[in-house]
Structures are given as C-alpha cells and as structure tokens.
1. Please pick out the residue among A:283, A:298, A:305 that is surrounded by fewer than 19 Cβ atoms within 10 Å (Cβ to Cβ), among the hydrophobic types (A, V, I, L, M, F, W, C) and outside the structural domain of residue A:404 (by TED's automatic domain parsing).
2. Of these, A:316, A:386, which one is surrounded by fewer than 24 Cβ atoms within 10 Å (Cβ to Cβ) and under 18 Å from the mean Cα position of the chain (by Cα)?
3. Which of the residues belonging to the range B:1-57 are farther than 30 Å from residue A:388 by Cα and among the β-branched types (Val, Ile, Thr)?
4. Among the residues in the range A:49-60, are any surrounded by 17 or more Cβ atoms within 10 Å (Cβ to Cβ), in a helix (DSSP H, G or I) and free of Cβ contacts under 8 Å to residues at least 24 places away in the same chain?
5. Hey, can you tell me all the residues within the range B:53-66 that are more than 8 Å from chain A (Cβ to nearest Cβ) and closer than 14 Å to residue B:122 by Cα?
6. How about the range A:234-269: which of its residues are under 30 Å from residue A:126 (Cβ atoms) and either in a strand (DSSP E or B) or not assigned by TED's automatic domain parsing to the domain that holds residue A:138 (or both)?
7. Can you work out which of the residues in the range B:39-49 that are within 14 Å of chain A (Cβ to nearest Cβ) and of a type in the set (A, V, I, L, M, F, W, C) is surrounded by the most Cβ atoms within 10 Å (Cβ to Cβ)?
8. Output the number of residues of the range A:380-421 satisfying the condition of being of a type in the set (A, V, I, L, M, F, W, C), more than 21 Å from residue A:347 (Cα to Cα) and at pLDDT 95 or above.
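The values are calculated or read from the model by the stated rules, or taken from the named source; none is laboratory data. It should be emphasised that the depicted structure is a prediction, and the values quoted were computed from it without experimental measurement. With ideal geometry, Cβ positions are generated from the backbone for all residues, glycine too; neighbour counts draw on all protein chains shown.
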Amino acid sequence: MGDTDQFLHTSQLPVQALRAQFPVLQQSINGAPLCYLDNAATTHMPLAVQDAMRHFEQHDRANIHRGVHTLSQRATDDFEAAREVLKRFIGAGAQHELVFTSGTTEALNIVAQGLWAAGPGKAWLRAGDRIVVSALEHHANLLPWQQAARMSGAELVVLKPDAQGRVHEADLQALLTPNTRVLALTAGANATGERPPYETMLSMAAKVGALTVLDAAQAVGHTMPALSGLGCDFMAFSGHKMYGPMGTGVLAGRRESLDLLYPLRLGGDMVEWVSLESAGFAALPARLEGGTPNVAGAVGLAAAARFIDGVGRPALDQHLQALRAHAVAGLSAIDGLTVLAPHATQASLVSFISPHVHPHDIGTMLDERGIAVRTGHHCAQPLLDLLCQGPTTRASFAVYNTHEEVQRLIEGVAHALERLK
Amino acid sequence: MSAENDLYQEVVLEHKRAPRNFGHLEQPTHQAQGTNPSCGDRISVELQLAGGTVEDIRFTGQACAICMASTSMMTEAVKGREVAAAQQLQQHFRAVLTGEEDPEEAPLGKLVSLAGVRQYPSRIKCALLGWHALMHAIAQNNDGGAGSVSTEDIQP
C-alpha cells in the first residue's frame, strides 16, 4: 500500500474549506471520524443548499401558479427560476423543456409509462416494436421498460456487456432494427462506474427513429456534454446525488418528445380546461407536473447546481478521479481482491469483490471504523449476475472526500479481508 | 461493543469457513429457498423428515458470514431432533435477536455466539435467513415442490 503515497495531498480543490459547508461530516461513528463514501447512493447537502431551502420556507412559501397574492407570485418565480438555472446547468436548448420530478426513478417511469399509457392506437409503443436497454442499467431504467414491453406488446432486447462490463457500439448496431422505438441507456453505471459511449449510442438509435432515454443520475454532477449537443430525447437525474435535496429530480428533454408522453399524474395544475366529463391537458411543463410540486426541493436543487458550478466541474472531476485512482491502486494491491471496471477512470466510484469475504461483512467491519460504503447489488442485480455472480462493495466519492479517507478505506478493507477470510 | 469481537467471534468465522451439512440430500422430502433481496443472499435448505423428526438436513447457497454461520449451526442443532424442537429453537433464536429474550437464559447452545447480531439491526435478516428457509421447508406439503421465502415477507 506504500505505493499509493503519491496520491496524498494532490487535490486542486480547497477540500477542507469545502468540508465546512457540510456539518454532517463533523461527527464520529463508532469512535472514529465519519468517512462518508456512499455518495453514489446519496451525497450530502452543503449549507448553501440548506440555506436556499430555508429561505424559501421562511419568506416565500405558498402554492404556485394559482394565487394572485404576493407570496404565491414569489413562490412561482422561485420555482421557475430554479427551472431556468437547471436548464442552463444541463445545457438545454430552446427546443428543450424541464419537468421537476421526485427523482430519477419517477422521471424514468414518466417516460416509460407515458409511452404506453395512452393505449393501443395512440401510444408511441405498439405491439411488435423493439425497446433496447443496456444490461448496465439501474433497476429504475430496466423495470419500467419490462412493464412497457408487457403492456404494449413490444419486445425488450438487452445490450449485453463483455466480461469486463463494457458495452460496444457494434453490439448495439446489431440490435437496432427499423422497428426499434426506444433506447434506454445509462450515462454511468452505478454498480461499476462503467461509462458507455452514450453520445454515439444515442445518435445511432436516433438515426433509426428510436426515442432515446439517458439515465444521468450518476453523471449530471460531473462534466458531461450539453443536452443540446446530444441525440437525446429524455434525460433523467436526481437531486440527492448532486448535493441537492432527497425526493427531487428532473426529467428534461425535447418538447416534441415530452409531448408524446401521456401524463401519469392527472389533477390540479396540469389542465387547460375541465368539464364534468372531460379535460384538456395544459402545455409543458405543467402537463407533466400535476399536483403541488416540491418547490423548496426545486429551489434546493437549483442551489446544488450553483454549488457545483461554483466548485467547477473540471476541478471537481479531477479531484474525484484522483480519489478513485488512489482507491483502485490501493485496493488492487490487496491479495484476493478484484476491482470491477478498473478501466473506468472517469468514474467517481469503485466497486470490488473478494471470493472469500461477503460485502456485508466488509461493510460492517468498515462501519466499525466509521467508514460508510454501500454493499449489495446496488439495484443492478442483472449486471452483477453477469459480471461476478453476486453482490459487491462500493465506495463512491464526493467533493468533500480526501485522500486520507481513501487510505482509511484501503486499510479498513485489507483488515476486514484478513480478519474474515 | 465491537463488531470484531461481538459479531465475528472465532466460532462464527470457523463455521463460515467450513460450513457443516453443506451440500445436497439425495432425496429430500422437504425443501425451501430463502432470499434476501437487499443483498442478494440465497440459502436453500433440504430436509429429510420422517415421523416428525429431522432425520437429515443440508443447505447450499451464497451469503455473508453471519448467514452462513447461523445456517451451519442451525443444521447441527436440528439434525436428528423433532420438528417441534426445531421450531422452538427457532423461536428462541429469533426472540434473542429481536431483543425479546435474554441470550443468557435462552437454550441456544452454540448459537449463542450469534447473540451479538442483536446490536446490528441491519444484520438480523442475515442471521435469520436460513431459519426462514427451514421453517418454510417444514411447512411445505410433502408434494415434492420447493417453496421460497424472502426476508422482505417476514418481520424479524
């Protein structure tokens, strides 16, 4: 493990100053300083985000889009300002709209269900159509498509990875038939850190007339191409993986594509007119935002985007990739330990297995030292069944993590394997 | 409290390294599988029941140290005993893990080495998975079919 010393003290970020923005980190777990390495599941919120939400709740809170009173107008302005901040954050163009959701899972369900729920003859998906998903997907970008296929009579086809967990353009090409109507793909696999060549893959699918769906939950907080530069109809992400509030998220996409979706939440604020027998839906984005939204959440999500832009995505990524490289080097040097997708150098997570020690036992032993990691299937059971026939331990990094913490991880894992083998 | 001393006692690790009664029975009369969806653990228990007695028991599967050791010790404890005794032992073991029974007073034998699990709520499912499969196998009608049970279905 001595050869990882080169990684110490190399960050370009003022990490200690940034850590002061995250009071939750200033605590001990089982007698050791908290070392929070479960950021691919949920990152923590900086004070700037918490302050923005508190300011909304203390000064502007009211229902939006309906009252003529001052607070309702302020709340509406706050909500729409958050929408504009987030559109800029993802590089949306004039052809795009952005819908607030409760998270990536809801966003992907709005797309998948919205493509069959209008019913036969009206829905985008028809019997005999093809839906292509990759095997790298989180369950949230797989199960809605399984259901969409069942409900519409479409066929679900899976783009399988090679033994190293990579997906290849040639394999996708072979699956793209003229009747392919959807490609659903991750921008970064949460279980391994694999990054598919999604720019090319989305374009390939768009070329055959398919709608393209990008799960950007693991990618949006990092450097990624502007939405307007992608052949992407729908992009989904969550607030709580990018330093924002839990229960917030976004579905962004082309207006003409979003208009294809049958709205799933019918009710207040999403209609043009209503009679006792019928109703006309409102235009985007209200059409897909039925009910009172989480306005404080939207405000917090926008504040999180500003926080990331303040840090700077290139500097942030450089820091995270250095932490990952440090972890991969140190963990790979441990006898009997295998790192999945070591080639995924752009990732900010590392997933690993040992033939003799179960991830849950490693996770408990690390928690004993105050180190929080994720263990299990990471909601990607089919992928892990293909790659390693079982669960993994995953450490994932954020702006506030340090090389000293990575060193604690490496030492903690080495100790757990030695003790438990 | 320390995981290293309380949870991973040497006897637990020894059972994990060399699980007893691991493998398949040639002609099981009852069997069931238990799964823990959150971690993907799977344990299959095969029984040979005759006249209300567990004549033989084997298990297979992949799981964490707590689950493997608990299931291994379970097979030792119930093999050759009456079904009713196995059910009583399961109730005592579960009551200890959920804090309803004092481990010092429960008739657990070697299984008392797993009592530390009660301090780790997220791991109680692990310790009970093999037992769920055993109880489910016992409850099977003797029709050759295999049942399955998930830790999500049962409150510990």
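1. Residue meeting the stated conditions: A:283.
2. A:316
3. B:29, B:53, B:54
4. The answer is yes, given that some residue of the range A:49-60 is surrounded by 17 or more Cβ atoms within 10 Å (Cβ to Cβ), in a helix (DSSP H, G or I) and free of Cβ contacts under 8 Å to residues at least 24 places away in the same chain.
5. none
6. Scanning the range A:234-269 gives A:234, A:235, A:236, A:237, A:249, A:250, A:251, A:252, A:253, A:254.
7. Top of the filtered list is B:43.
8. Total meeting the criteria: 3.
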